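Computed from the coordinates by the stated procedures, all read-outs in this text should not be read as laboratory data. Only a predicted model underlies this, so the values are computations on that prediction, with no experimental measurement involved. Note that each Cβ is placed from the backbone with ideal geometry, even for glycine, and that neighbours are counted across all protein chains shown.
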Amino acid sequence: MGFDPQSLRFDAQGLVPAIAQEAGTGEVLMLAWMNADAVRKTLETGRVTYWSRSRKSFWVKGESSGHVQELVEMRFDCDRDCLLLQVRQTGPACHTNRRSCFYTAIRRGEEVEIMAPME
């Protein structure tokens, strides 16, 4: 029978948050959104496909930048309303050219940039 993406709990816009994590290191790379078709495409192709809320279209990670996310394993949480994508990331994951979108920390009440863009 296989996995049915419709078994996930999507929000009112038909989306579920998807956290991308580097499979080899556990590093959290980014958070984006997927609809049922993006989940299907990702599982079928092995290339992570998100749903762009701003463009209202599919977004295959790395399609234009070359910074591809290859799916290693897809997991969902106990409530089935959040995905964890273990990936092999080529190059930076963030559009700011950083390895991770999580490059700002709050330390002693101040924002601190903890990761520079990749060269």
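Where in segment 91-119 does the amide nitrogen come within less than 11 Å of the point 7 Å from the Cα of Ser54, taken along Cα to Cβ? Under cut-off, by backbone N: 95-96.
Counting beta carbons within 10 Å around each of Lys41, Lys56 and listing the fewest first gives the order Lys56, Lys41.
Hey, if you put +1 on the Cβ of every Lys and Arg and -1 on every Asp and Glu Cβ in the chain, which of Leu85, Thr45, Ile19 ends up farthest toward the positive end of that dipole? The residue sitting farthest along the positive end of the dipole is Thr45.
Starting from the Cα gyration tensor of segment 1-58, take the square roots of the eigenvalues, sort them a ≥ b ≥ c, and report rounded, prolate or oblate (rounded when a/c is under 1.5, otherwise prolate if a/b is larger than b/c, else oblate).
On the way: a/c = 1.64, a/b = 1.20, b/c = 1.36.
Verdict is oblate for segment 1-58.
Counted residue by residue at 0.36 nm each, then reduced by the alpha carbon distance between them, the extension gain from Tyr103 to Glu119 reaches 4.2 nm.
Helical content alone sets the calculated 222 nm signal of the chain at -2500 deg cm²/dmol, taking -39,500 (n - 2.57) per DSSP H segment of four or more residues and averaging over every residue. Applying 0.36 nm per residue to the separation of Cys82 and Leu43 and subtracting their alpha-carbon distance, the gain on full extension is 12.5 nm.
If you stretched the chain out fully between Ala23 and Val68, how much longer would it get, using 0.36 nm times the residue separation minus the C-alpha to C-alpha distance? Don't jump to the answer; show the numbers that get you there.
Working: separation 45, 0.36 × 45 = 16.20 nm, distance 1.36 nm.
Between Ala23 and Val68, full extension yields an extra 14.8 nm.
Of Thr42, Thr90, Thr25, the residue with the greatest mean-square motion in the GNM of the chain, using alpha carbon springs below 10 Å, is Thr25.
Considering only Asp79, Asp37, Asp11, the Gaussian network model of the chain with Cα springs below 10 Å gives its largest mean-square fluctuation to Asp79.
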